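One structure is given below, encoded as structure tokens.
The values are calculated or read from the model by the stated rules, or taken from the named source; none is laboratory data. For clarity, every value in this text was computed on a predicted model and none was experimentally measured. Please note: Cβ atoms are built from the backbone with ideal geometry, for glycine as well, and neighbour counts cover all protein chains shown.
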Amino acid sequence: MGANHTEAPILETLARYQNVDELGFTPPGHKHARGADPRARAVLGDAVFFGDVLANGGLDDRLTRGGVLARAESLMADAVHADHTFFSTCGSSLSVKAAMLAVTCPGHRLLVGRDAHKSVVAGLILSGVEPVWVEPEWDASRHLAHPPSTAAYDKAFTEYPDADGALVTSPTPYGAAADLKGIAEVCHRRGRPLIVDEAWGAHLPFHDDLPTWAMDAGADICVTSIHKMGSGLEQGSVFHLQGDIVDPAELASRADLLGTTSPNVLIYAGIDAWRRQMVQHGHELIDRALELAARTRSAIEAIDGFHVNDAKDFCGPGLAAGFDPLPVVMDISGLGTSGYRAADRLRAHHHIDAHLFDHRRISAQLTHADDEETTARLLAALRELADHATELRDAPQVTVPSPADLRMEQVLLPRDAYFAPHAKVPTTEAVDRIAAEMITPYPPGIPVVLPGERLTEPVLKYLVTGVEAGMFLPDAADQRLGTVRVVAER
């Protein structure tokens, strides 16, 4: 009997829970909004508190005999052609760590694309796994990294045949996609699993004009953020498993080890509802989003000083293997200003928040939720930005290193450097010292400096000039980068 995708088990059970006026002498302490601050209720609405119930001993009974979560996860697996699916209320930052720990273990090696998100590096720090860094495909003219190639993973496995598996990020926040089929074949020839951090690809299974979905490409584990390109709530994530290389019980155990014992049912419900929405209407919704994105891209391209990066910019030999057009990445170097200044003006003057921004780009992430009204407002703001470009010029310049200069030597394992005794030194004196912290421009959250790397002048100059230009470094101990944490010298 086929799966019934008209169901949303979590959402429907939550509705029944409210209708029967279930009374809990359990957490959460606001007791169905009764104890919530009226000022919070006024802002958040009572629905938030009514939906905030225990997962076990609330939504389901104490032994989960209703199988509410299990049924929702099974429906999601069916929707995206996976063998097993697990829901997470701690975002893909937790999901990718669980995936890594299911594939490898302390003291072992894992192939990792060097364009990985900081959550992957956090997984390396927590686990003590040794990363074998696989270099991205660098577009030196645009100062942009695309996912590593199949050949790069093949070469890394040849040099490190004892690696337990591989991890690739695809698509990137800029919409560039890897050759997942090729990389999966490289892994499987050696009997090794492939993990895909597909946090930005929740929509991919539901339309053929988008890059290949990781499960269809042969990946073993795929991590997806439902809140990024889907309709879920923030922190809503799922990770999928197929094949027999990775034991589903091991993956579930790793997730349980890292996850919360108090999952938020609201986030579960958002994931469940999104799956039903996509199965029933996803192709039509994404069809409209792609058409809207195409029109919006053309309109932005017509604005003086703007160039919208497209497949012809990102794809080809030595670049990306695929392209998602919904992240609308705009090169604004023609305006003579930085993405930081442009993003600040869009927020201050138009109450519009850019998705990504760097020394020469801003990005507007479109989804199936956008329409003519939202894109018209965006276009009006961008035209006004172009009209006032002279006011934004003379922005501080960022000294961006070449791809070769951007990469530093990994002297210590990330875990060993992070937990080693450290010292705080002036950034001007940090060259040749070993970093004891992550330093990550955000967004998109790809670390420039990792614990255990030997710091170099080009990288430090890039970060210092970046901060002066408006770069945000949330994980640096000194966010202004006057000092850097380094491993203490004995």
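Against the numbered list (1) within 21 Å of the chain's Cα centre (by Cα); (2) crowded, with 21+ Cβ neighbours inside 10 Å; (3) not charged (D, E, K, R), Gly259 comes up short only at (2). Checking Asp344, Asp370 one by one, the residue that is in a loop (DSSP other than H, G, I, E, B), assigned by TED's automatic domain parsing to the domain that holds Leu326 and either in contact with a strand residue (DSSP E or B) (Cβ under 9 Å, 6 or more places away or on another chain) or at pLDDT 95 or above (or both) is Asp370 and no other. Look at (1) farther than 24 Å from Tyr442 by Cα; (2) crowded, with 19+ Cβ neighbours inside 10 Å; (3) touching a Pro at 6+ places or on another chain (Cβ under 6 Å) and you find that Ser149 fails only one, number (3).
Per-residue answers, yes or no, for (1) small (Gly, Ala, Ser); (2) surrounded by 13 or more Cβ atoms within 10 Å (Cβ to Cβ); (3) without any contact (Cβ under 8 Å) to a residue 24 or more places away in the chain:
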site	(1), (2), (3)
Leu326	no, yes, no
Ala342	yes, yes, no
Arg345	no, yes, no
Ala348	yes, no, yes
His351	no, no, yes
Arg360	no, yes, no
Asp371	no, no, no
Thr374	no, yes, yes
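The helices (runs of 4 or more DSSP H) found wholly in region 23-79 and carrying at least 2 residues that are among the charged types (D, E, K, R) occupy 38-44, 68-79. Of all the residues in region 134-157, those that are more than 30 Å from Ile332 (Cβ to Cβ), in contact (Cβ under 8 Å) with a residue 24 or more places away in the chain and touching a strand residue (DSSP E or B) at 6+ places or on another chain (Cβ under 6 Å) number 3.
Criterion first (polar (S, T, N, Q), touching a residue at least 12 places away in the same chain (Cβ under 8 Å) and either assigned by TED's automatic domain parsing to the domain that holds Thr172 or surrounded by 24 or more Cβ atoms within 10 Å (Cβ to Cβ) (or both)) does Thr64 satisfy it? So Thr64 does not fit the description; no. Taken as a whole, the structure leaves Asp256 outside the set of residues that are modelled with pLDDT of 95 or more, in the same structural domain as Val223 (by TED's automatic domain parsing), part of a helix (DSSP H, G or I) and of a type outside the set (Phe, Trp, Tyr). With the condition kept exactly as written, say whether any residue in region 287-297 is in contact (Cβ under 8 Å) with a residue 12 or more places away in the chain, under 30 Å from Ala151 (Cα atoms) and of a type in the set (Asp, Glu). Checked region 287-297: no residue is in contact (Cβ under 8 Å) with a residue 12 or more places away in the chain, under 30 Å from Ala151 (Cα atoms) and of a type in the set (Asp, Glu).
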